[in-house]
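Peer 1: The structure's right below; bear with me while I get my questions together.
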Amino acid sequence: MTGLHEQLESIFHPKSVAFVGISTSNPFHWTRTFWDSLREFQFEGPLYPVNPHGGELDGYKVYTSLEEVPGEVDYVISTVNAKVAPAIVQSCARKGVKAIHFCTAGFDETGEVGSEGLQQKLAQLSRETGVRIIGPNCMGIYCPESRLSYDTGFEKEAGNVGLISQSGGNSIYVAREAGWRGIRFSKVISFGNACDLNECDFLEYMIDDPKTTIIAVYLEGVKDGRRLARLLGRASGRKPVILLKSGLGEAGARATSSHTASLAGDDNIWDALCRQFNVIRTSTAEEMVDVLVTLTYMPDPGGRNALLIGLGGGASVLLTDDFERQGLRLPPLPDHVQQELMSFSQLAGNMLRNPVDYSQDMLESSNLIRAIQVLTAWDGIDFCMGFFRPSQLPPPAWEIVMTWGEALVKAYLESRKPVAFVCDSAVIPERHSKLFPVLQSFINSKVALYYTFPGAARAISMVVEYNERRLK
């Protein structure tokens, strides 16, 4: 392993953490975010709150400076004013701190005279002292294994997905949304303005990290395009990389500059880069989550022939359009499969072709499960997608359908083909509590679950294309 890998490994797994600039008077102050998160995650090492006023916080002694802390400090989370930041780096050097995360904003991203000099000063101090800096203007590290987090709502279970995000807010969104869909993370890093450690440093680490098998990257700009290209080339064939690149239009470039002081770049260049190195390029955070779900829970179908079965003729037509728009094929059911379905299904009100609208027999769970078994045994398809629109159901039918989620999951899991399920979950609020256990049955059983028809089609198509390129 390289020196960089060893440095970052120690940063992701600190033995002690100090919180410099934390508010001791206001329990709702934003500087408490990191303190509350590490305590919620039950970080096992010493925690040291630091504030010039001293005092006590949640039963912990508050130290007036880093130098006053009696024990060693591996990692500092700083929320001090930008003008004080250089002095904090010098304090870290005197204390022997390995790394400091500056959540603090007010640097290059502001465009104000003098702010640029502050960020350059931090970078210079990092080089001179050896103290590595994450940020400024970022949320830092979420590593479930070491109990580091910057959000109390994140999942505590560690997983195999590494997320590198320039934006703190987008990293929180993806980590939460993916977490609710069953995705678990090895590490998440929000790196902000990247005055020292940058996107390439973290990507290099993730490529070599044995606990990370899928890498997701959100970028607004890049410090070293050539190095990034080399790293994407290294990752190609080893681990799937998902890229969400923002700030590509004129207004987006302005927003990028004011958000994290980055250069946005040309869309055509990013497109070519992704094609060259088989990077899965997404256009929204929601799409990134859908792709993560597909890579994690849907085995490679090895082809584009799909079978759709669910409730609703109109829904099936829309889903068919979405699938075909993404280059996924729906071969018609052969006569012998249709005949077998008709032996236990009514013809009126159902559509037994492909897509299969099973509306009239949907309330008979035994028939639905049998239909899934028949359809997924057909060799003419590569994968099966179940679809469901609960808002179409009248109240009596809703109550029945909400009782057989686990039986339906079991039928899909016994399939000979890769399976997935899309639930268009736009329902009235009082029904959400009843729908949730059904969706949770799929998530707990590690079935790929999607919330929109276009999202499911797009994500599956992108992953199929990724696998096609990988196997060439």
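Bear in mind these aren't lab numbers, they're just calculated from the coordinates by the rules spelled out. Keep in mind that this is a model prediction, so the values were computed, not measured. Here Cβ is always computed from backbone atoms with ideal geometry, including for glycine, and neighbour counts include all displayed protein chains.
Peer 1: Kindly establish whether K410 is more than 23 Å from the chain's Cα centre (by Cα) and either surrounded by 20 or more Cβ atoms within 10 Å (Cβ to Cβ) or in contact (Cβ under 8 Å) with a residue 12 or more places away in the chain (or both).
Peer 2: Working: more than 23 Å from the chain's Cα centre (by Cα): yes; either surrounded by 20 or more Cβ atoms within 10 Å (Cβ to Cβ) or in contact (Cβ under 8 Å) with a residue 12 or more places away in the chain (or both): yes.
Yes.
Peer 1: Related question: Taking Y60 as the residue in question, decide whether it is over 31 Å from the mean Cα position of the chain (by Cα) and without any contact (Cβ under 8 Å) to a residue 60 or more places away in the chain.
Peer 2: Details: over 31 Å from the mean Cα position of the chain (by Cα): yes; without any contact (Cβ under 8 Å) to a residue 60 or more places away in the chain: yes.
Yes, satisfied.
Peer 1: Let me ask something else about it. Take the range 13-34 and flag every residue that is crowded, with 21+ Cβ neighbours inside 10 Å and assigned to a helix (DSSP H, G or I).
Peer 2: F34 - this is the single residue of the range 13-34 that is crowded, with 21+ Cβ neighbours inside 10 Å and assigned to a helix (DSSP H, G or I).
Peer 1: Among V289, V293, which is under 17 Å from C384 (Cβ atoms) and part of a helix (DSSP H, G or I)? Working first, answer last.
Peer 2: Working: V289 fails: under 17 Å from C384 (Cβ atoms).
From the options V289, V293, the qualifying one is V293.
Peer 1: Residue by residue through the range 205-223, note down the ones that are of a type in the set (K, R) and in contact with a Ser or Thr (Cβ under 7 Å, 6 or more places away or on another chain).
Peer 2: Our first condition is that a residue be of a type in the set (K, R); within the range 205-223, this holds for 211, 223.
Correct list: K211 only.
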